[in-house]
Amino acid sequence: MKLDQLHIRSCTEDDAEKIAKLYNAFGFGPVTSGYPLKESDIRRFFEQMEIILFLCMEYEENIIATVLFTSVCGQKAAGPHAVWGSKLFIHPQFRNGPLPGILFSKAIVKLTDLGYQYIDVDVDPSHHIALPLYKRVGFIRSSRSYIDYDGFLELRNYLPYVINFLKTGYRVTDLDESLVDSGWKSLLNTKAIQIRSSEKDTFSLYGMETYKYEMTFGDDIIACWIDLQSERVAMMADPRFHFISYSMDGQEVIAGQPITLRFEYENRLAQTVLVTFQTTLGNERMKYKNGRKRRFIRAGEKIVWEENVTPSTQLLGPQLLQTTIKLGTYSFTFHYGIHVKQALEVHLCEKPTMILHQWAPITVAVKNNLPETIVKYYTVQADDEMYLEIENNGAAFIALKGRESKEIPLRIRAKKTGTQLVYVALYDMENQLVYRKEFTFYSILPQANSRYMQAEKAYLEDIQTIVELDAETGSLKLVEKTTDKVVAIEAWPDLDYPFTGAMKRMNRRNIKVLFPKTESKVLLVECKEGYLHFIREITLTRAGFVQIHDYALGNGKNLNFIRGVHYWMHKLRCHFNRELSRSHWCMNSFLLQSMITNICMIQICQVIRAICHAMEFFFE
């Protein structure tokens, strides 16, 4: 092989015919089922997919390998900082040589430079060639992996993140492809795992689920342990040092309960070094009581110290124990995921809506996150007992074993329409209040609509239909109340291709939920980089239709997509109009464009209100 005739470049639509012939010649793709790919199929792929990176390798002017990275794969959008990998194909004649490593290394360098940290793939767990290949180059199965609805197993590769972590820590300005190549090809621990097994590759260490990437770079062996909860490096060992910081109480901790943090550092150099430590838990910087921020560590010395901290209620939810160490010109930041919970948690099991003057069953779930048994007295009270009745006043003792959860069935009845407040309170045996939570209920007339927010979701519903809107992804789910069956799922407008209305996993967005004066409507507005990009208007009509109008605003143009869903027919009836609107919207195009130019986030509320006014929505 003459390496000077080897060339790696980006694929273009002009390569469609060559790529189709390559795949068909060696049984890659639908040709195995009797449907050979055509040039038009590959060209359509370029048009419909959001391609992040598509590389091909040429030898003697012939394409012999491809690898593709996209934002969507198998109706699933990639997560934050992640891409989907596919179309990894190597000409059989070149699979056992250096070319696969060269192609993979080139892709990792480019993805790292683009800011991506993780690569996900779907693989058939019974495929005796693909599964070992992916595991050899660092793809792993963890507790997050599962076999999806098409029978494919999801694997994730953390190598782009690990290599960028080492590049940043060692102050490497340019990422050498030979460094990447030597790193991924010398993954030492792939020899220890069952590369042909579809079982988990992770293990438990220091209370975390982890995976060890151990690589050789020249004469150095460097190991990084990934904490699967934070998806960051929690521990590292190289010829210079070994370090980890972690919670001795595990990754699930209780607010108000003390925990012990442990720090371990070993100097593996032959001389004394000055090391600086800095730790934060969430957004709170720690002051060391037993350790020191700066200290000299002798050659071969190992130091260990512990710190006792009590997470506050301001830290509820997922947090990071983050420790930065500096030695000489090197600087590394390590992360250990911690989830802070309340000692007692109360939540509502049903949707908070009810019909006026009708008894509605509700279930309140109480969970004890403490390891010991507790006995509490609970009360469920209405804010205004004149307009909301609770059967049996909702008061009794409840005993919960450690980590146990119990459900409290109740019945409530509203005597007027509108918003009703209910308070759930827990008292200890000395009658001291230990927990209180407010729930909002919505009472409606039999033929009326109701709108409300619950967690990160907005709801628009009537007596028969629920429209669930995810404020984090923009997805729309239509549910028939009588059967509790999901009738349709609609993606956010820019995910229409290639699976219109059928995205199974969607990416997170910056979306604002607005309730216009008309109670049958909800607006979702996506903000991108300081300007308005998409507006979705959802209307629940009295005839049982859900109307969806999507408006794309930018460059003085408006695209109007009109869709209708009739819930009881269990069919999604869609009509797409992708031509520029010639009616009211074009008349307002310059007005709308002037509103979305040079907008800062501080002005966003005023601008949204002005745009909605231009759309003929009037707010209370």
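The values are calculated or read from the model by the stated rules, or taken from the named source; none is laboratory data. Because the structure is predicted, anything quoted here is derived from the model rather than measured. Backbone-built Cβ (ideal geometry, glycine too); neighbour counts: all protein chains shown. Quick note on the areas: whole protein, heavy atoms, side chains included, nothing else; ligands and nucleic acids left out. Shrake-Rupley method; radii C 1.70, N 1.55, O 1.52, S 1.80 Å.
State whether one or more residues within the range 39-51 are under 31 Å from the mean Cα position of the chain (by Cα), surrounded by 15 or more Cβ atoms within 10 Å (Cβ to Cβ) and part of a loop (DSSP other than H, G, I, E, B). Yes, that holds for at least one residue. For residues that are under 16 Å from residue 49 (Cβ atoms) and of a type in the set (D, E, K, R), scanning just the range 76-99, find the one that is farthest from the chain's Cα centre (by Cα). The selected residue is 87.
Going by the structure shown, is residue 436 open to solvent by 20 Å² or more (accessible area, probe 1.4 Å), touching a helix residue (DSSP H, G or I) at 6+ places or on another chain (Cβ under 7 Å) and at pLDDT 85 or above?
Working: open to solvent by 20 Å² or more (accessible area, probe 1.4 Å): yes; touching a helix residue (DSSP H, G or I) at 6+ places or on another chain (Cβ under 7 Å): no; at pLDDT 85 or above: yes.
Considered against the rule, which asks whether it is open to solvent by 20 Å² or more (accessible area, probe 1.4 Å), touching a helix residue (DSSP H, G or I) at 6+ places or on another chain (Cβ under 7 Å) and at pLDDT 85 or above, residue 436 comes out as no.
If you go through the range 404-419 and keep only what is out of contact with any helix residue (DSSP H, G or I) (no Cβ under 8 Å at 6 or more places or on another chain), open to solvent by 10 Å² or more (accessible area, probe 1.4 Å) and not basic (Lys, Arg), you end up with 404, 405, 407, 409, 417, 418, 419.
Restricted to the range 7-17, and to residues there that are out of contact with any helix residue (DSSP H, G or I) (no Cβ under 6 Å at 6 or more places or on another chain) and surrounded by fewer than 18 Cβ atoms within 10 Å (Cβ to Cβ), the residue that is farthest from residue 108 (Cα to Cα) is 14.
Restricted to strands (runs of 3 or more DSSP E) entirely inside the range 306-390, those with at least 2 residues that are free of Cβ contacts under 8 Å to residues at least 40 places away in the same chain and either closer than 30 Å to residue 267 by Cβ or open to solvent by less than 20 Å² (accessible area, probe 1.4 Å) (or both) are 317-327. Restricted to the range 439-456, and to residues there that are within 31 Å of the chain's Cα centre (by Cα) and over 26 Å from residue 379 (Cβ atoms), the residue that is most open to solvent (accessible area, probe 1.4 Å) is 456.
Looking at the range 65-109, which of its residues are among the hydrophobic types (A, V, I, L, M, F, W, C), open to solvent by 40 Å² or more (accessible area, probe 1.4 Å) and within 19 Å of residue 23 (Cα to Cα)? Steps first, please.
Here is the first cut: in the range 65-109, the ones among the hydrophobic types (A, V, I, L, M, F, W, C) are 65, 67-69, 72-73, 77-78, 82-84, 88-90, 94, 99, 102-104, 107-109.
So of that shortlist, the ones also open to solvent by 40 Å² or more (accessible area, probe 1.4 Å) come out as 88, 102.
The answer is 88, and nothing else.
Residues in the range 406-453 that are among the polar types (S, T, N, Q) and over 30 Å from residue 369 (Cα atoms): 6 in all.
Of the residues 248, 215, 235, which single one is of a type outside the set (Gly, Ala, Ser) and modelled with pLDDT under 95? The conditions single out 215.
Of all residues in the range 266-283, those being closer than 26 Å to residue 317 by Cβ and open to solvent by 60 Å² or more (accessible area, probe 1.4 Å) number 2. Scanning the range 119-140 for residues that are open to solvent by 10 Å² or more (accessible area, probe 1.4 Å) and either at pLDDT 90 or above or not in a loop (DSSP other than H, G, I, E, B) (or both) yields 120, 122, 130, 133, 134, 136.
Could you grab me the full set of residues in the range 241-265 that are in contact with a Gly (Cβ under 9 Å, 6 or more places away or on another chain), over 20 Å from residue 314 (Cα atoms) and touching a residue at least 60 places away in the same chain (Cβ under 8 Å)? Those that are in contact with a Gly (Cβ under 9 Å, 6 or more places away or on another chain), over 20 Å from residue 314 (Cα atoms) and touching a residue at least 60 places away in the same chain (Cβ under 8 Å): 246, 263. Of the residues making up the range 275-303, those that are aliphatic (A, V, I, L, M) and under 14 Å from residue 241 (Cβ atoms) are 275, 297, 299, 303. I'd like the full set of residues that are touching an Asp or Glu at 6+ places or on another chain (Cβ under 8 Å) and among the basic types (Lys, Arg), limited to the range 97-143. Listed by number, the residues that qualify are 106, 135, 141. Taking the range 393-454 as the region of interest, the strands (runs of 3 or more DSSP E) fully inside it that hold 1 or more residues being among the hydroxyl-bearing types (Ser, Thr, Tyr) are 405-414, 418-427, 433-444, 450-454.
Entry remark, the range 261-305: residues being touching a His at 6+ places or on another chain (Cβ under 6 Å) and not in a strand (DSSP E or B) number 0 in total.
For the range 218-232, taking the residues that are modelled with pLDDT of 95 or more and aliphatic (A, V, I, L, M), the one that is surrounded by the most Cβ atoms within 10 Å (Cβ to Cβ) is identified as 226.
May I ask you to say which residue of 66, 168 is modelled with pLDDT of 90 or more and touching a helix residue (DSSP H, G or I) at 6+ places or on another chain (Cβ under 9 Å)? Working first, answer last.
Details: 168 fails: touching a helix residue (DSSP H, G or I) at 6+ places or on another chain (Cβ under 9 Å).
Unique residue meeting the criteria: 66.
Residues that are under 27 Å from residue 235 (Cβ atoms), of a type in the set (Phe, Trp, Tyr) and in contact with a strand residue (DSSP E or B) (Cβ under 6 Å, 6 or more places away or on another chain) do not occur anywhere in the range 318-330. Taken over the range 42-61, residues that are out of contact with any strand residue (DSSP E or B) (no Cβ under 7 Å at 6 or more places or on another chain) and modelled with pLDDT of 90 or more amount to 2. Which one of these is part of a loop (DSSP other than H, G, I, E, B), touching a residue at least 12 places away in the same chain (Cβ under 8 Å) and on the phi > 0 side of the Ramachandran plot: 97, 27, 79, 115? On inspection, the qualifying residue turns out to be 115. Of all residues in the range 474-485, those that are among the polar types (S, T, N, Q) have Cβ atoms under 8 Å from Cβ atoms of residues that are open to solvent by 20 Å² or more (accessible area, probe 1.4 Å), 6 or more apart or on another chain, in 475/489; 475/506; 482/464. Being in contact (Cβ under 8 Å) with a residue 60 or more places away in the chain and either in contact with a helix residue (DSSP H, G or I) (Cβ under 9 Å, 6 or more places away or on another chain) or among the hydrophobic types (A, V, I, L, M, F, W, C) (or both) is a description that does not apply to residue 429. Here are some conditions: (1) out of contact with any helix residue (DSSP H, G or I) (no Cβ under 7 Å at 6 or more places or on another chain); (2) surrounded by fewer than 16 Cβ atoms within 10 Å (Cβ to Cβ); (3) under 22 Å from residue 74 (Cα atoms); (4) modelled with pLDDT under 80. Residue 508 meets all but one. Which one does it not meet? With (1) out of contact with any helix residue (DSSP H, G or I) (no Cβ under 7 Å at 6 or more places or on another chain); (2) surrounded by fewer than 16 Cβ atoms within 10 Å (Cβ to Cβ); (3) under 22 Å from residue 74 (Cα atoms); (4) modelled with pLDDT under 80 applied to residue 508, the lone miss is (4).
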